[in-house]
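Visitor: To start, I am sharing the structure in question, which I have written as structure tokens.
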Amino acid sequence: MTEVTEGMKAPAFEMETAGGGRISSTALHGRPYVLYFYPKADTPGCTAEGRDFSDLIGEFEAAGATVIGVSRDPVRKLDRFRDKYDLKVVLASDEAGEVTGAWGVWGEKKLYGRVYMGVERATFLIDSDGLVRRAWRKVSVKGHAPQVLEALRSL
């Protein structure tokens, strides 16, 4: 598993999205995008993060960026998650774990003394040339979406 760091070429991806679409790094080339990884749809932190990015989606779009939330949930769960909270970001399914692995966000986690494998909450800002310009690891949700928007505006 590679550690994705600032300045490196963003790993390629292609995933199914909520609503029956697909999204790929190839289709996004030439414009900036935000890829945020979250552990599980319809859980408190992940819902707050999705809502925060959705609340700012107009500003992200005005800056020319697409915002994509990635989890290992199946598409049908993402459809319900999007509809339940009226989320405006693209929700992508990495059910097989290829993208979370390539981006280095799949690993050992600990909760209440239990060790398990899961998705690390992380966000990456990719510029129009496909380079990782910012990487946030072990993200704390509160105030994070505005931070990412500010970094996007400074590209």
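Visitor: Please list 3J(HN,Hα) in residue order for region 31-45, calculated via the Karplus relation 6.51 cos²θ - 1.76 cosθ + 1.60 where θ = phi - 60°; whole Hz, with x for glycine and proline.
Guide: So the J values, rounded to whole Hz, are 9, x, 8, 10, 10, 10, 9, 9, x, 7, 4, 6, 10, x, x.
Visitor: Suppose all protein chains stay in the model; what accessible area per residue would a 1.4 Å probe give for the chain, in Å²? Write down the numbers at each step before the final one.
Guide: Numbers: 7820 Å² over 155 residues.
For the chain, the solvent-accessible area averages 50 Å² per residue.
Visitor: Each residue of region 78-88 in order: what ³J(HN,Hα) in whole Hz does its phi give by Karplus 6.51 cos²θ - 1.76 cosθ + 1.60, θ = phi - 60°, with x for Gly and Pro?
Guide: In residue order, the calculated couplings are 5, 4, 5, 4, 4, 5, 4, 10, 6, 6, 9 Hz.
Visitor: Quick one: work out the % antiparallel among DSSP beta bridges in region 46-145, nearest 5.
Guide: Antiparallel bridges: around 70 percent, rounded to the nearest 5.
Visitor: Same structure, new question: Given H placed on each backbone N at 1.01 Å, which residues far from VAL70 in sequence or on other chains put an amide H within less than 5 Å of it?
Guide: Answer set, sorted by chain and number: TYR36, PHE37, TYR38, ALA92.
Visitor: Enumerate the residues in region 62-94 having an amide nitrogen under 17 Å from the point lying 7 Å beyond the Cα of MET117 toward its Cβ.
Guide: 71-74, 94
Visitor: Same structure, new question: Once the Cβ-Cβ distance between LYS109 and ALA62 is put in as r, and R0 is 35 Å, what FRET efficiency do you end up with, to the nearest 0.05? Walk me through the intermediate numbers first.
Guide: On the way: r = 35 Å, r/R0 = 1.01.
Rounded to the nearest 0.05, the efficiency is 0.50.
Visitor: Right, another one. Specify which residue in the list SER25, PHE60, VAL4 is farthest towards the positive end of the charge dipole of region 1-63, using unit charges on the beta carbon of Lys, Arg (+1) and Asp, Glu (-1), about the Cα centre.
Guide: Among SER25, PHE60, VAL4, the one farthest towards the positive end of the dipole of region 1-63 is SER25.
Visitor: Explain nothing, just compute: Karplus ³J(HN,Hα) = 6.51 cos²θ - 1.76 cosθ + 1.60, θ = phi - 60°, for every residue of region 112-128 in order, whole Hz, x for Gly and Pro.
Guide: 6, x, 8, 9, 8, 8, x, 8, 7, 6, 8, 9, 10, 10, 10, 7, 5
Visitor: Evaluate the distance, in nm, between pseudo-label points positioned 7 Å from the Cα of GLU150 and of TYR85 along their respective Cα→Cβ axes.
Guide: 2.3
The values are calculated or read from the model by the stated rules, or taken from the named source; none is laboratory data. Source: prediction; values computed, not measured. Glycine also receives a Cβ, built like all others from the backbone with ideal geometry; neighbour counts cover every protein chain displayed. Keep in mind that these areas ignore ligands, DNA and RNA; they rest on the heavy atoms of the full protein, side chains included. Shrake-Rupley method; radii C 1.70, N 1.55, O 1.52, S 1.80 Å.
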